[in-house]
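Take a look at the structure below.
Throughout, read-outs are computed from the coordinates displayed, never taken from laboratory work. The shown structure was predicted, so the numbers you read here are calculated from the model rather than taken from an experiment. For neighbour counting, all protein chains shown are included, and Cβ atoms are generated from backbone atoms with ideal geometry for every residue, glycine included.
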Amino acid sequence: MFRKLFCLMLTGCCIACGGGAALAAHHISIGTNPVGMALYTMGAALSEVLRTDSPDIELTVEATNGGVHNLHLMASGDIEIGFTNPKEAMDAYAGVGRYKHKVPILGLFSSAIAYQQCPALADSHIRKVGEVRDKRIGVGPPGALSRVDTEVFLSAYGVTFKDFKAFSETLPEMVEKMKNGQLDATMWFGVSPLAPLMDLAQSRDIVWLEADAETLKPILEKAPYYFLSELPAGTYPKQNRPIPALAQRYDIVARADMPEELVYRITKATFSNLEKLGSIYKGWAHCGPETALQSMTIPLHPGAVRYFREINLPGLDDYLRKYPL
């Protein structure tokens with residue numbers, strides 16, 4: 001059993017006329033990723049917003065090993081909501097790949113953008129993605145969502161982990177190795193900016209490897225939940241221009257047996273408070289109704305559908321025909 005490392009008790013601190021604190025009627029856990037990382041912080045921001053918007057909901061933010069772990073926790077009933085990526089959500093729903101049985105999940109909405117971020121030491125002589133062969137490359141720990149997406153990214157260039165010396169460690173560990181000259185480059189798919197990469201950009205001279213649109217075209221056609229984007233100029237120190245990057249959005253999914261009314265209220269509270277969410281954590285700043293389905297790959301929960309119908313979300317009917325319950 002995993003440990004609950006962080007808990008925001010959304011019990012509504014208001015005092016009734018006769019005195020006494022209101023007790024939460026609904027108790028929900030949301031799976032994120034390790035403490036201090038992007039999805040954990042996004043979950044904490046959502047908790048803070050719900051505390052004001054829905055004081056009868058108690059939301060516990062679970063620090064987990066990430067999206068794959070979240071889906072296994074949802075399968076066992078330990079959490080009700082979780083962040084994951086589109087491919088893992090699709091596999092879990094179908095019960096394929098690493099999932100021996102179908103996980104009872106349905107989609108809520110797509111959230112923050114995750115970018116493929118590839119810093120290389122300037123003295124490594126790596127200037128293009130295809131030049132990582134025979135080099136020392138950090139790819140992330142086994143089971144990490146970033147590692148899965150990095151494999152997909154490299155496959156477009158005809159490169160596998162066997163083509164270089166792969167280091168399977170956490171991002172902070174890989175950055176330390178780069179700072180010490182023990183790694184030539186690191187590949188990480190995640191929300192930006194990432195604190196370890198901020199540290200790296202301040203400490204060493206690096207170059208950012210760019211995604212090539214023509215090379216990635218087969219990936220985009222096969223897996224349309226990916227899209228081409230740019231890491232904005234100034235995201236990291238000394239990064240003076242945008243960096244073309246493969247991207248996708250993290251999805252938020254819920255157990256299929258969550259009550260429709262509860263999912264409706266959480267979805268509505270999220271989209272009604274995007275400005276506040278973005279002020280708490282910038283990963284929420286680029287989310288909106290227009291991006292709600294951008295990287296979704298499974299049928300939507302009826303509670304989410306109810307809210308999206310309420311706001312006349314463009315493209316909803318097409319999505320429901322593509323991914324029917």
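Couple of notes before you dig in:
- Spacing of the modelled spin labels on Glu221 and Thr160, each 7 Å from Cα toward Cβ, amounts to 2.3 nm.
- Per-residue extension of 0.36 nm, minus the Cα-Cα distance of Glu173 and Met198, leaves a gain of 7.6 nm for this segment.
- Other residues with beta-carbon under 13 Å from the beta-carbon of Arg306 carry, at +1 per Lys or Arg and -1 per Asp or Glu, a net charge of 0.
- Zone of Glu151's modelled label, taken as backbone nitrogen in the range 65-83 under 16 Å from a point 7 Å along Cα→Cβ: 67-69
- Under Karplus coefficients 6.51, -1.76 and 1.60, residue-wise ³J(HN,Hα) of the range 261-277 in Hz, glycine/proline x: 4, 5, 5, 4, 5, 5, 5, 5, 4, 5, 6, 7, 10, 5, 5, 5, 4
- The lysines within cross-link reach of Lys162, meaning a Cα-to-Cα straight distance under 28 Å and a gap of 8 or more places when in the same chain, are Lys87, Lys100, Lys128, Lys135, Lys177, Lys179, Lys217, Lys222.
- When DSSP beta bridges are restricted to pairs lying wholly in the chain, around 65% turn out antiparallel.
- Summarising the label geometry, the points placed 7 Å from Cα in the beta-carbon direction at Glu260 and Asp123 lie 6.4 nm from one another.
- Peptides 181-194, 281-294 ranked from most to least packed by the mean count of surrounding Cβ atoms within 10 Å: 181-194, 281-294.
- Cα→Cβ-extended label distance, 7 Å offset, between Arg241 and Ile311, nm: 3.6 nm
- In a reduced charge model with +1 at each Lys and Arg Cβ and -1 at each Asp and Glu Cβ, the chain shows a dipole moment near 400 debye about its Cα centre.
- Charge tally for Ile113 (other residues, Cβ to Cβ under 15 Å; Lys, Arg +1; Asp, Glu -1): -2.
- Surrounding net charge for Val191, when Lys and Arg each add one and Asp and Glu each subtract one, Cβ distance under 13 Å: +1
- Theoretical FRET efficiency, 1/(1+(r/R0)^6), r = Cβ-Cβ of Asn180 and Leu325, R0 41 Å, to 0.05: 0.20
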